[in-house]
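Shown next, in structure tokens, is the structure this report addresses.
The values are calculated or read from the model by the stated rules, or taken from the named source; none is laboratory data. Predicted model, so just to flag it, every value in this text is computed and none were measured. Quick reminder, even Gly has a Cβ in these numbers, built from the backbone with ideal geometry, and neighbours come from all protein chains shown.
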Amino acid sequence: MGENLAKFYSTELGKLTAWFIRKKLAKLWGAAQGKKILCLGYTQPFSKAIAKNNTLIFPEADNEIKLPYRDAEFEGILAIHYAGNQENFEEALEEIWRVLEPNGHFLLIIVNKYGLWRWSKIRGRELYSKHDILNLLMFNKFAPRRFDRALFFPPIKLYSILKFLDNIGSFIWRPFSGLLIFESEKLIFAPRGRLLKVTPSIKELLARKKIPAQAKDIA
């Protein structure tokens, strides 16, 4: 994964793509100060947008689901080119939740399943939609706080017009953006009105009581 992405981001198209992503990162987290932030996936071309006044940690093996950190160690977690390259992203979310402090923020950037970049070199093994990710976040005790999009131009080499295409694309074909951006907050309790994930042990208990095995709202 890393070699292919490094090769792409060394090209003119890759450098322009990185510029757009850094621009979004600066908008979302550029004002953060004194934070300890874990960077997952392939974040090197973009992390300088949030590096000032923060401590960034890059794990040696970014493809391991089990993270070698203690519980609640980080105030923020940034994941780019990560979700689509995990064999089990839901298990990875459980680990992200574990090492993030209560009310800490998780910023996830993925290739849009229905977007203009789904056939590009940065797509990853798995693709997700906005609906897919929002469901995964809520079922794994993250409360979505902000949603945004990026890359409103196709992955073509007409560099002189790509910024123009990005400007008009953000209005004309917004649902087909190349990237989806999610900022969520770690919750200790599931948010009111959301569905709770049912564990196997609870399912068995409900089955013994002959109650339908479905998620319950928190009262």
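A compact table of results
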{"item": "Filter result for Thr55 (more than 24 Å from Gly84 (Cα to Cα) and of a type outside the set (Phe, Trp, Tyr))", "result": "yes"}
{"item": "Test: residue in the range 87-103 that is outside any helix (DSSP H, G or I), in contact (Cβ under 8 Å) with a residue 12 or more places away in the chain, over 25 Å from Ile50 (Cα atoms) and within 16 Å of the chain's Cα centre (by Cα)", "result": "yes"}
{"item": "Contacts under 6 angstrom Cβ, first residue in the range 44-60 being acidic (Asp, Glu), partner surrounded by 14 or more Cβ atoms within 10 Å (Cβ to Cβ), 6 or more apart", "result": "none"}
{"item": "Of all residues making up the range 28-65, the number that are in a helix (DSSP H, G or I) and in contact with an Asp or Glu (Cβ under 8 Å, 6 or more places away or on another chain)", "result": "1"}
{"item": "All helices (runs of 4 or more DSSP H) inside the range 121-219 with 1 or more residues being among the aliphatic types (A, V, I, L, M), at pLDDT below 90 and in contact with a helix residue (DSSP H, G or I) (Cβ under 7 Å, 6 or more places away or on another chain)", "result": "159-172"}
{"item": "Filtered residues of the range 52-93 (kept if buried (at least 18 other Cβ atoms within 10 Å of the Cβ), aromatic (Phe, Trp, Tyr), under 13 Å from Leu38 (Cα atoms) and in contact with a helix residue (DSSP H, G or I) (Cβ under 6 Å, 6 or more places away or on another chain))", "result": "Phe74"}
